[in-house]
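Participant: One structure is given below, represented as structure tokens, and several questions about it will come after.
Every number in this text was worked out from the coordinates using simple rules, so none of it is lab data. Please read these numbers as outputs of a predicted model, since none were measured by experiment. Here the Cβ positions follow ideal geometry from the backbone for every residue, glycine too, while neighbour counts run over all protein chains shown.
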Amino acid sequence: MNNIEFKTNIYKLIDNKINKVKFTCRGFNEINIINDFNTLCNALKLNSYLTQLELQEYVLLDIPNYLNKLLKNKNNLLKLKIIGGYLTNLETLSDILKDYNSLIELDLSWMLGHNLEKTNINPLMEVLKTNSNLQSLILEGDVVIKNNIELLSEVLKINTTLQRLDLRFNAIQNIDALSPALKVNSTLKILNLEHNYISNIDSLIEALNINNSLKELYLDNNNDLNNIQQINKIKLIAKNKNIKLTV
């Protein structure tokens, strides 16, 4: 994003001429990034129309702490996308979700995979258990998820509003821990597991025999998934239950 595009979007926000906007980091100077965010915060104070905000590649910014300022009194925002940065402390973000009632889609793609040892997703998982608004959660490229499938499964056992879960590009190998949640969850409609390393789907087949809510299941580009018998089984279940399946 160049200076002209940035200023144009800011003016449109101030004048309430747009309801969705994307800002991409304009460089790697931390002072300039902070100045940009302060400008954006001031513009949002004057905007009452925005429903979708996307922030890309703000790698030097302490995103959660700035979100508090950014989203203050923005109760009309429905979709928040924070893509391509470094996010290890999820406590502040989780606190925001506790109090932020309008958000129905959260996209944290390529934000949580840069430091597997330091990234603690427990706070986010805990708040998702009781969140009653979020319908779509996109965690594409957040490879910390592969070590925390059990936590995600516990969320799906309890959460009653999430309809879409995107777990593409997470290097997931074993989905056995996810299957028990799919047996009891009755609201999830779309599950995307493309571009992982899943090789065995027996437990997923067992779960789908019980689950009656899932409408779309994406398993494309799991190169280790080559058991023809398993593939034929899941195709038959999908056909009988009218589930859109890619495998």
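Participant: Residue by residue through the range 194-208, what is 3J(HN,Hα) from phi via Karplus (6.51 cos²θ - 1.76 cosθ + 1.60, θ = phi - 60°)? Round to whole Hz and write x for glycine and proline.
Facilitator: Result, rounded to whole Hz: 5, 6, 10, 10, 6, 10, 10, 10, 4, 5, 5, 4, 4, 5, 5.
Participant: Shifting gears a bit: Out of GLY27, GLY85, GLY141, any idea which swings most in a Gaussian network model of the chain, alpha carbons joined below 10 Å?
Facilitator: GLY27
Participant: Something else about it: How big is the dipole moment of the range 107-247 about its Cα centre under a simple scheme where the beta carbon of each Lys and Arg is +1, that of each Asp and Glu is -1, and everything else is neutral? Debye, nearest 20, please.
Facilitator: 560 debye
Participant: A follow-up question, please. Using +1 at the Cβ of each Lys and Arg and -1 at the Cβ of each Asp and Glu in the range 3-246, identify which of LEU77, ILE175, VAL59 lies farthest towards the dipole's positive end.
Facilitator: Projecting each Cα onto the dipole axis, the largest value belongs to LEU77.
Participant: With respect to the cross-link table entries LYS22/LYS74; LYS7/LYS79; LYS189/LYS239; LYS146/LYS183; LYS183/LYS244; LYS98/LYS215, which display a Cα-Cα separation exceeding 25 Å?
Facilitator: Beyond 25 Å between Cα atoms: LYS98/LYS215.
Participant: Please compute the length gained on full extension between ASN223 and GLN135, using 0.36 nm multiplied by the number of residues separating them and subtracting their Cα-Cα distance.
Facilitator: Contour length minus the Cα-Cα distance gives 28.7 nm.
Participant: How long are the semi-axes of the equivalent ellipsoid of the range 3-246, defined as square roots of 5 times the Cα gyration tensor eigenvalues? Whole Å, largest first.
Facilitator: 36, 18, 16
Participant: Which whole-Hz ³J(HN,Hα) couplings does the range 156-170 yield from phi under the Karplus relation 6.51 cos²θ - 1.76 cosθ + 1.60, θ = phi - 60°, glycine and proline marked x?
Facilitator: So the J values, rounded to whole Hz, are 5, 5, 10, 5, 10, 10, 5, 10, 10, 10, 10, 10, 5, 6, 10.
Participant: Sequence-distant or interchain residues sharing an amide H contact under 5 Å with PHE23, placed H: which?
Facilitator: When sequence neighbours closer than 5 places are left aside, the close amide H contacts are GLU54, LEU55, GLN56.
Participant: Calculated from DSSP H runs of 4 or more alone, at -39500 (n - 2.57) each and per residue, what is the 222 nm mean residue ellipticity of the chain, nearest 500?
Facilitator: One gets -11000 deg cm²/dmol as the mean residue ellipticity at 222 nm.
Participant: Something else: So which chymotrypsin sites (Phe, Trp or Tyr not before Pro) in the range 1-109 are both in a DSSP loop and have at most 12 other Cβ atoms within 10 Å of their Cβ?
Facilitator: Passing sites in the range 1-109 are PHE28.
Participant: Taking the Cα centre as origin and putting +1 on Lys and Arg beta-carbons and -1 on Asp and Glu beta-carbons, what dipole magnitude results for the range 3-246, to the nearest 20 debye?
Facilitator: 940 debye
Participant: Amide H of ASN120: which non-local residues (sequence gap of 5 or more, or other chain) have their own amide H closer than 5 Å, using H built in the peptide plane?
Facilitator: For ASN120, the qualifying residues are LEU90.
Participant: Right, another one. Compare the Cα positions of ASN2, LEU124, SER213 along the charge dipole of the chain (+1 at Cβ of Lys, Arg; -1 at Cβ of Asp, Glu; about the Cα centre) and return the one farthest towards the positive end.
Facilitator: Looking along the dipole axis, the top candidate is SER213.
Participant: Another question, then. Describe numerically, in nm with one decimal, the distance between label points set 7 Å from Cα along Cα→Cβ at LYS45 and at ASN65.
Facilitator: According to this spin-label approximation, the distance is 2.0 nm.
Participant: Can you give the charge dipole size of the range 72-174 about its Cα centre, rounded to the nearest 20 debye, using +1 on the beta carbon of Lys and Arg and -1 on the beta carbon of Asp and Glu? Don't jump to the answer; show the numbers that get you there.
Facilitator: Details: 11 positive and 12 negative charges, 51 e Å.
With only Lys, Arg, Asp and Glu charged at Cβ, the dipole is about 240 debye.
Participant: Quick one: net charge around GLU54, please, counting Lys, Arg +1 and Asp, Glu -1 for every other residue with C-beta under 10 Å from its C-beta.
Facilitator: My count for the surroundings of GLU54 gives +3.
Participant: Next question. Pop the C-beta distance of TYR11 and THR161 into the FRET formula with R0 = 51 Å and round what comes out to the nearest 0.05.
Facilitator: On the way: r = 36 Å, r/R0 = 0.70.
Calculated transfer efficiency: 0.90.
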